[in-house]
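Notes follow the structure.
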Amino acid sequence: MDAQVILIIIVAIITADFVLERALSYLNRRKKNHALPEELKGIYDEQQYQKALAYQRANDRFDAVTAGFGFILLITLLLTGAFGWLDEQLRPYFENPIFLSLAYFGILFLASDLINIPFQWYSTFVIEEKFGFNKMTLKTFVIDKIKGYLLSFILGGLILGILLYLVIHIGQDFWWYFWGIAAVLMVLLNMFYTTIFVPLFNKLVPMEEGPLKQAIESYSQKVGFPLDQIYVIDGSKRSSKSNAFFSGIGSKKKVVLYDTLIENHSIEELVAVIAHEVGHYKKKHILLGLALSMLQIGFTLFVLSLLIFNKELSLALGADQLGIHLNLIAFGILYSPISTATGLLMNIMSRKNEYEADAYATQTYHGGPLQEALKKLSVHNMSNLLPHKWYVFFHYSHPPLLQRLQAIRREMTVSS
Ligand SMILES: [Zn+2]
């Protein structure tokens, strides 16, 4: 295919994606003005509900501005051939194609992050701050940034350098090897997520002895869940939005609860939240998710192997010769319709899994406290109670609150 056609396809994909996202966001915004259904009344008091709507409006406006800005910037860079221009500027300084690519990505990464800082700053210190979510100080913001840069430049540079070396030396068959490496890494990440990765950014402490720990342990025993350790994580250092998760492959599971979650929920509600997570484990959702992600990665790498040495892709971005870094950028855009489609399928499956985990928690524990917990979480996170169905279809990995509450109630009448 000739470079001109590829550029047209690239611009068309970016434009179509932008239009789709804006349209979904528009539908979603219009839906919010409708009155609350009976079941959702009383979750929020009127004042809180107005605050939640104001929070969503502020985020919508902010998203529209960032998306519009990003769209115009990217299209301009593509149509002016800026990506190729940067490549030409760097070539005289680098003999080695790997160092050339690393320098290229380093500059792009730094430039895009610097452009993003005002947006991140505004989101954290103006929007989140105004609605009381932000627990981040300027100091943690800066420290996180520096940690992020160090990690990206040292670790990212090292990994990218090795990968580029392998791609160049193995040739088109690289995707088989990469797939194998990715699979091993994913399993390791899953195993050591709580012990190695989370502590880099948050503090984990074992949960104190007490009624909560006892309740979690006795539930785990009842349903035969191989509980190893329960941790509390200091999520409140950064945001007061709350969560729970567990990790570990094999017979030892570590459960992690956010301190903010513990503060806001009763013991029964917390056990119900854990019962939901145990449901994911018992219904093999975690294994299935891992397997599907691996398939997805394999397919992506295969398509990448077909495109990475194609000179026309580099020409489409305005360069005069093949550059692997340019082809990676072009690939990222050309592949996005496929990743949107697979993301859609994953979301459909994930929403189904959420219903199953809710049903499991209702059957093995109690539906009532789970409903209460979900309502509180929605209020606490100021979730959109009435998202548009198309917006949910494309973007939601979890069903909206109303549908979950209704499904749990049906399950409660069936099991009683
Ligand atoms: Zn879930």
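The values are calculated or read from the model by the stated rules, or taken from the named source; none is laboratory data. In this text, all values refer to a predicted model and were calculated from it rather than measured experimentally. Ideal geometry is used to build each Cβ from the backbone, glycine not excepted, and the neighbour counts take in all protein chains shown.
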Discussion item. Filter region 361-386 down to the residues that are under 25 Å from the mean Cα position of the chain (by Cα) and within 15 Å of the ligand (Cβ to nearest atom) and list them by number.
Written reply: ALA361, LEU370, GLN371, ALA373, LEU374, LEU377, SER378, ASN381, SER383
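Here is a yes/no grid of residues against (1) modelled with pLDDT of 95 or more; (2) under 21 Å from TYR55 (Cβ atoms):
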| position | (1), (2) |
| --- | --- |
| THR76 | yes, no |
| LEU86 | yes, no |
| PRO97 | no, no |
| ALA111 | no, no |
| LEU114 | no, no |
| VAL126 | no, yes |
Response to the item:
For GLU356, the lone unmet condition from (1) within 15 Å of the ligand (Cβ to nearest atom); (2) within 30 Å of GLU128 (Cβ to Cβ) is (2)
Item to complete: Would you mind telling me which numbered condition in (1) under 19 Å from HIS280 (Cβ atoms); (2) assigned to a helix (DSSP H, G or I); (3) among the polar types (S, T, N, Q) GLN229 fails?
Response: (2)
Worksheet item: Would a scan of region 237-248 turn up a residue that is modelled with pLDDT under 90, part of a helix (DSSP H, G or I) and surrounded by fewer than 17 Cβ atoms within 10 Å (Cβ to Cβ)?
Response: yes
Response to the item:
Only unsatisfied item for PHE99, checking (1) closer than 23 Å to PHE69 by Cβ; (2) in contact with a Gly (Cβ under 9 Å, 6 or more places away or on another chain), is (1)
Discussion item. Which condition from (1) away from the ligand (no atom under 15 Å from the Cβ); (2) free of Cβ contacts under 8 Å to residues at least 60 places away in the same chain; (3) surrounded by fewer than 18 Cβ atoms within 10 Å (Cβ to Cβ) is the one that PHE302 breaks?
Written reply: (2)
Fill in: Among (1) among the hydrophobic types (A, V, I, L, M, F, W, C); (2) more than 16 Å from the ligand (Cβ to nearest atom); (3) closer than 29 Å to LEU20 by Cα - the single one ILE267 does not satisfy
(3)
Discussion item. Would you confirm whether or not region 70-84 contains a residue that is closer than 30 Å to VAL379 by Cα and either part of a helix (DSSP H, G or I) or under 20 Å from the mean Cα position of the chain (by Cα) (or both)?
Written reply: no
Discussion item. Just to check your reading of the model, which residue among LYS130, LYS139 is farther than 28 Å from ASN327 by Cα and in contact (Cβ under 8 Å) with a residue 60 or more places away in the chain?
Written reply: LYS130
Practice prompt. Only residues that are among the acidic types (Asp, Glu) and in a helix (DSSP H, G or I): list them for region 1-19, please.
Written response: ASP17
Discussion item. Condition (residue is in a loop (DSSP other than H, G, I, E, B), in contact with a strand residue (DSSP E or B) (Cβ under 8 Å, 6 or more places away or on another chain), more than 16 Å from the ligand (Cβ to nearest atom) and modelled with pLDDT under 95) applied to region 249-262: is it met by at least one residue?
Written reply: yes
Worksheet item: Of the residues that make up region 289-297, is at least one surrounded by 19 or more Cβ atoms within 10 Å (Cβ to Cβ) and either part of a helix (DSSP H, G or I) or within 16 Å of the ligand (Cβ to nearest atom) (or both)?
Response: no
Worksheet item: For region 327-345, does any single residue satisfy the condition of being over 24 Å from the mean Cα position of the chain (by Cα) and more than 29 Å from VAL198 (Cβ to Cβ)?
Response: yes
Worksheet item: Looking at region 373-394, which of its residues are under 26 Å from THR413 (Cα atoms), part of a helix (DSSP H, G or I) and in contact (Cβ under 8 Å) with a residue 40 or more places away in the chain?
Response: ALA373, LYS375, LYS376, LEU377, SER378, VAL379
Worksheet item: Restricting the first residue to region 395-416 and requiring it to be free of Cβ contacts under 8 Å to residues at least 60 places away in the same chain and of a type in the set (Phe, Trp, Tyr), which pairs with a second residue that is in a helix (DSSP H, G or I) and surrounded by 13 or more Cβ atoms within 10 Å (Cβ to Cβ) meet a Cβ separation below 7 Å and a spacing of at least six or different chains?
Response: TYR396/ASN347; TYR396/ARG351
